[in-house]
Amino acid sequence: MIFEQIAAGGCQSYLLGCGETCAAAVIDPEISQIDRYLALAARDGLRIHYLIDTHTHADHFSASRQLARQLGAPVVMHRASPAPFVDMRLGDGEMLVVGRLRLRALHTPGHTCDSMCLIAEDRLFSGDTLLIGGTGRTDLPSGDAEALYDSLFLRLLRLDPALKVFPAHDYKGNGSSSIAKELATNPRLQKRDRAAFVEMMRTLDLTMPTHVTEALRTNMSGGKTVAQMLAEAAARVPFMSLAELKLRLEDREKDLIVLDMRERDAYETGHIPGARLLPRGQLELRADQELPDPTRRVLAYCEFGRISTLAAATLHEMGFQRAVALDGGMKAWREAGYPVKAGQDP
Ligand SMILES: [Fe+2]
């Protein structure tokens, strides 16, 4: 088996390949690592046939859908997954054939109702059901401490003790463990009485993961993250640096129109001298009125440089081919000590 473990923050994902046939699968791909999976697969001479999510992630952004589209390969999840874009839904005990490799799915609800683990040769990909020195939490949507007890004590921990364990999260850089090691040392597995385990899980009082609603929104619907929308917009537009803009304003460049995309009160408190006010929310409806010549160079800025990136991409879409975004925003402009004008007029 060709095997790559990819860590992004605490998120662990895995590229598994069959050396004989060059077929491969990715388990729990994460959105910031898309280029890495493709590069590793290319380096190892593999073609990715399946994108597998072990469960609906609340704490990382899945890349399954995007990679699946790019590669023409199916998204695979357990059949309890609520995501409408899943192409192949596995039931307990079913297998994926990846060349000569066999990936067997075990339904292990508890962390979420759609959690599954996968066994390939001597390895258990345990998702967020069994972690190294921990277990998945059960207080997020569809979590169930009783179900987790059954999944752990009646299923996973009865597997071959020699199985290596590769979880979906590991924040301590352990890499991997084994069933035997977790049985012996994992503090959460020492309460082997059902009621005591359930009580422990219910009183953990963990902080919510960051971006939990955004992760659930995108992972359950297949929609885009805000970072993805910004990256896509940024890929379509040129940028101009703060210093370059300052120089051009000092030279009184005739052709340049500077647009402040913030709301009126922010504009009146302080804007770049010469900038016109055109709030982002009014852009599409007022663009023709405000910018009658689509061949002019238009620079969009906002407070932090994010809204202006989206705005510049919208302007491009509308035909303003010379729209650019400021690399930075009004905040950075002020902090650089560049000139600021208050009031209603440019
Ligand atoms: Fe999770």
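Remarks
- Of TYR267, TYR149, TYR37, the residue with the greatest mean-square motion in the GNM of the chain, using alpha carbon springs below 10 Å, is TYR267.
- Relative contact order [Cα under 8 Å, 6+ residues apart], the range 49-180, whole percent: 19 percent
- For MET88 and THR295, a Förster radius of 45 Å and the Cβ-Cβ distance give a FRET efficiency of 0.35, rounded to the nearest 0.05.
- Loop-resident sites, the range 311-340, for trypsin sites (Lys or Arg not before Pro), counting at most 16 other Cβ within 10 Å (DSSP): ARG322
- Low-density loop positions, GluC sites (Glu not before Pro), the range 203-296 - DSSP coil, at most 16 other Cβ in 10 Å: GLU253, GLU263
- GNM top mover of LEU51, LEU131, LEU285 - the chain, alpha-carbon springs below 10 Å: LEU285
- Cα-projected label distance for LEU159 with GLU250, points at 7 Å along beta-carbon direction, nm: 6.4 nm
- Long pairs among LYS172/LYS224; LYS181/LYS224; LYS224/LYS331; LYS254/LYS331, criterion Cα-Cα beyond 31 Å: LYS181/LYS224
- Rounded to the nearest 20 debye, the dipole magnitude of the chain is 320 debye, with +1 charges on Lys and Arg beta carbons, -1 on Asp and Glu beta carbons, and the Cα centre as origin.
- When only Cα pairs below 8 angstrom with a gap of at least 6 residues are kept, the range 51-119 shows a relative contact order of 29 percent.
- Euclidean distance of C-alpha centroids, the range 221-250 and the range 31-78, integer Å: 26 Å
- Viscosity 1.567 mPa s, 4 °C: Kirkwood-radius Stokes-Einstein D of the range 21-98 over Cα pairs, µm²/s: 102 µm²/s
- Cα centroids of the range 128-188 and the range 282-321: 51 Å apart.
- The range 2-223, relative contact order in percent, only Cα pairs under 8 angstrom and at least six apart counted: 18 percent
- Packing, taken as the mean count of other beta carbons within 10 Å per residue, orders the peptides 215-221, 88-94 from highest to lowest as 215-221, 88-94.
- Applying a DSSP loop filter and a limit of 14 other Cβ atoms within 10 Å to the trypsin sites (Lys or Arg not before Pro) in the range 243-300 leaves ARG252, LYS254, ARG296.
- Contour minus Cα-Cα distance for ASP265 and LYS341 (0.36 nm per residue): 26.1 nm
- For the chain, modelled as a GNM whose springs connect Cα atoms under 10 angstrom apart, the maximal fluctuation among GLN321, GLN66, GLN12 occurs at GLN321.
- Per the Debye formula on identical point scatterers at the alpha carbon atoms of the chain, with no solvent, log10 I(q)/I(0) at q = 0.09, 0.11, 0.13 Å⁻¹ is -0.63, -0.79, -0.92.
- For the range 206-346, the convex hull drawn through the C-alpha positions has a volume of 134 cubic angstrom per residue.
- DSSP-defined antiparallel bridges as percent of all bridges, the chain, nearest 5: 50 percent
Read the figures in this text as sums done on the coordinates, not as results from a lab. This is a predicted model, so every value here is computed, not measured. A quick note on method: Cβ atoms are made from the backbone with ideal geometry, for glycine too, and the neighbour counts reach across all protein chains shown.
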